[in-house]
1. Treat every Asp and Glu Cβ in the chain as -1 and every Lys and Arg Cβ as +1, leave all other atoms uncharged, and give the resulting dipole magnitude about the Cα centre to the nearest 20 debye.
2. Once the chain is represented by equal point scatterers at the alpha-carbon sites, with solvent omitted, what log10 I(q)/I(0) does the Debye formula produce at q = 0.11 Å⁻¹?
3. Taking a point 7 angstrom from the Cα of residue 86 along the C-beta vector, which residues in region 1-25 have backbone N less than 17 Å away?
4. Would you mind telling me the share, in percent, of accessible area of region 1-44 contributed by carbon and sulfur at probe 1.4 angstrom?
5. Under the definition of Cα pairs under 8 Å and six or more residues apart, what whole-number percent is the relative contact order of the chain?
6. Would you mind counting up the charge near residue 78? Only other residues with Cβ under 12 Å from its Cβ, with Lys and Arg at +1 and Asp and Glu at -1.
7. Roughly how many Å² is the accessible area per residue of the chain, as a whole number, for a 1.4 Å probe?
8. Using the Karplus curve 6.51 cos²θ - 1.76 cosθ + 1.60 with θ = phi - 60°, work out ³J(HN,Hα) for each residue of region 24-38 in order, rounded to whole Hz, and write x for Gly and Pro.
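The values are calculated or read from the model by the stated rules, or taken from the named source; none is laboratory data. All values derive from a computational prediction rather than experimental measurement. Glycine gets a Cβ as well: all are built from the backbone with ideal geometry, and neighbour counts include every protein chain shown. Heavy atoms of the whole protein, side chains included, go into the accessibility calculation; ligands, DNA and RNA do not. Shrake-Rupley method; radii C 1.70, N 1.55, O 1.52, S 1.80 Å.
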Amino acid sequence: MAHVVAEPCRGCKHTDCVVVCPTECFYEGDDMLFIHPNDCIDCGCCVPECPVKAIYQDNDIPAHWISYVALNADMARKSPHITEKKSPMTGSK
Ligand code: SF4
Ligand code: SF4
């Protein structure tokens, strides 16, 4: 099991989630972040840090966002590592 970043993260990137992750498993896509499933230890620390409730455990993600489980695994492998907080994107919520 692992945690997964879903649709609400798109266009946000407040990255409050990144700094609390003990295993540094966040990766930065063009308009959202992804969690590498091999590195996530399911501690849940990132969940309350996300202001838009974008992070779910993979077996508890809303059904309409189930595709994000595979998307996180795929995109985390293709995207640059992010380990520090950065300024949110322009127009972020
Ligand atoms: S805090 Fe939530 S919305 Fe913001 S970057 Fe992290 S997962 Fe995405
Ligand atoms: S659940 Fe824990 S290990 Fe997994 S991404 Fe969130 S903070 Fe990192």
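1. 260 debye
2. Treating every Cα as an identical point scatterer, log10 I(q)/I(0) equals -0.24.
3. Output list for this probe position: 9-21, 24-25.
4. Answer for region 1-44: carbon and sulfur cover 46 percent of the accessible area.
5. Answer for the chain is 46 percent.
6. Surrounding charge for residue 78 is -2.
7. Heavy-atom SASA per residue in the chain reads 54 Å².
8. For region 24-38, the Karplus-derived couplings read 6, 9, 8, 10, 9, x, 4, 9, 6, 9, 9, 10, 7, x, 6 Hz, x marking Gly and Pro.
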